[in-house]
Amino acid sequence: MPSSLTLPSISFHKLPSSFFSKNAPSRSFRFTNQRSRVSMSVSAESQASVNDALFSDYKPSNAFLFPGQGAQAIGMGKEAQNVPAAAILYKKANDILGFDLLDICINGPKEKLDSTVISQPAIYVTSLAAVELLRVREGGQQIIDSVDVTCGLSLGEYTALAFAGAFSFEDGLKLVKLRGEAMQDASDAAKSAMASVIGLDSEKVQQLCDAVNQEVPEAEKVQIANYLCPGNYAVSGGIKGIEVLESKAKSFKARMTMRLAVAGAFHTSFMEPAVSRLEAALAATQIITPKIPVISNVDAQPHADPATIKKILARQVTSPVQWETTVKTLLTKGLKKGYELGPGKVIAGIVKRVDKSADIENIGA
């Protein structure tokens, strides 16, 4: 059954009819927004000829930003049950996942919701449910239609791609399910951890990592995994490496370190075992050019070519998240308003750390 998730209304200039071939993921679009005009050359059979730099000169006005793992909280999804288009997403999720996702979101237990294999699908579904809550709000559809760029933190990149029409809600959820399982298995294979370093710039955190790596074996080495915002960078590595980092942080004038409640060293080579499984799943998934720019975590750039998007998504789990660069670029390019859709207010806090004057609103579900 095709997803009921309605995507942003985008107008395409001279868009060939073959773009929406009978093989494309089924969606509902209303081509009314005059903000985004995209001209592209697409072959009759496929999108093989799409220029990956199609969106390179994007000029953001309004952005949707989607959270990643760690934003989950007991009770999320409850409000969404008051909106049929949002509630149905959880019903679809139950069929795909094989368990009652909404029950875990609302009732927990917390340990179960926090697990990688549960939290990733839960945040994906709840974030897209938040779009539906916004849609029924007065003026909500106009806000959705005004969005001309989107991005998400780590897992949130999948949510952003679903919102932008690159794949269906169902296909995105299947990918997220497999991603969570593959990352959990990779974490189980080699004990590792993540910690946030608070109060240092990225150069100082790199110096701290270098100092740690001089004292630990190759298998325990650490690296910056998430460039979140000034003064907040997440480091991943072996358990011993993270312990040494925690002991040395004060001597580098860090305000504090905080061990993250994740399964392992995400966004490093520790996740390499997950890559081949993701590559296989992505190869079997139909992905089309997004209707609006979706900024990649890997290089902080938007990509239009489906084959490139697949390669980047596979690389994402072993690559540092360039979130600080993403936010700075959006603001520098003239972003007027951002909306964080989904559980928590992590993204809003990060954006405000980059620019206190940034206008960002949280829309939960």
Inset, instruction - Any chance you could list P(r) for segment 150-307, counting all Cα-Cα pairs in 5 angstrom bins from zero, rounded to whole %? - result: 2, 9, 16, 19, 16, 14, 12, 8, 4, 1
Inset, instruction - Indicate the helices, whole DSSP H runs only, in the chain that combine a mean Kyte-Doolittle hydropathy of -1.0 or more with a Cα extent along their long axis of 27 angstrom or more. - result: 116-136, 169-189
Legend entry - Whether segment 192-259 is rounded, prolate or oblate, judged on the alpha carbon gyration tensor where a/c under 1.5 counts as rounded: prolate
Legend entry - Centre separation in Å (Cα based) which lies between segment 127-154 and segment 160-210: 23 Å
Legend entry - Ratio Rg/Rh, restricted to segment 249-365 and using Cα atoms, in which Rh is the Kirkwood radius: 1.01
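If you roll a 1.4 angstrom probe over the protein chains with everything in place, what fraction of the accessible area of segment 98-204 belongs to carbon and sulfur, to the nearest %? If you can, show how the numbers build up before the last one.
Details: 1610 of 3120 Å².
Carbon-and-sulfur percentage of accessible area, whole number: 51.
Of Lys59/Lys345; Lys78/Lys177; Lys204/Lys250; Lys204/Lys253, which sit over 18 Å apart, Cα to Cα?
Working: Lys59/Lys345 25 Å; Lys78/Lys177 21 Å; Lys204/Lys250 12 Å; Lys204/Lys253 9 Å.
In this structure, Lys59/Lys345; Lys78/Lys177 lie more than 18 Å apart at Cα.
Not counting the cut sites, what is the longest span of the chain without GluC sites (Glu not before Pro) that DSSP labels loop and that have at most 16 other Cβ atoms within 10 Å? Walk me through the intermediate numbers first.
Details: sites that count: Glu45, Glu138, Glu215.
The longest uninterrupted stretch comes out as 216-365.
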Inset, instruction - Take the chain, connect every pair of alpha-carbon atoms lying under 10 Å apart with a spring to form a Gaussian network, then pick out the residue of Arg179, Arg255, Arg353 with the largest mean-square fluctuation. - result: Arg255
Legend entry - Choice from Asp305, Asp100, Asp185 showing the highest fluctuation, given a GNM over the chain with Cα pairs closer than 10 Å: Asp100
Inset, instruction - May I ask you to give the percent of accessible area on segment 208-273 that is carbon plus sulfur, with a probe radius of 1.4 Å? - result: 52 percent
Legend entry - Base-10 log of normalised Debye intensity for the chain (one unit scatterer per alpha-carbon) at q = 0.10, 0.12, 0.13 Å⁻¹: -0.59, -0.86, -1.01
Inset, instruction - Check cross-link reach from Lys174 to the lysines: straight Cα distance under 16 Å, and skip same-chain residues fewer than eight apart. - result: Lys91, Lys92, Lys310
Legend entry - Mean accessible surface per residue for the chain, computed with a 1.4 Å probe while every protein chain stays in place, in Å²: 40 Å²
Legend entry - the chain: most fluctuating residue of Ile309, Ile287, Ile96 per GNM, C-alpha cutoff 10 Å: Ile96
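Grab the DSSP H runs of the chain that are 4 residues or longer, score each as -39,500 (n - 2.57), total them, divide by all residues and round the 222 nm result to the nearest 500 deg cm²/dmol. Each step should come with its number before you reach the end.
Numbers: 13 runs with 147 residues, N = 365.
Only helices count here, giving -12500 deg cm²/dmol.
The values are calculated or read from the model by the stated rules, or taken from the named source; none is laboratory data. Predicted, not measured: the structure shown is a model, and the values here were computed from it. A quick note on method: Cβ atoms are made from the backbone with ideal geometry, for glycine too, and the neighbour counts reach across all protein chains shown. Ligands, DNA and RNA are stripped out before the accessible areas are found, and what is left, the full protein with its side chains, is counted by its heavy atoms. Shrake-Rupley method; radii C 1.70, N 1.55, O 1.52, S 1.80 Å.
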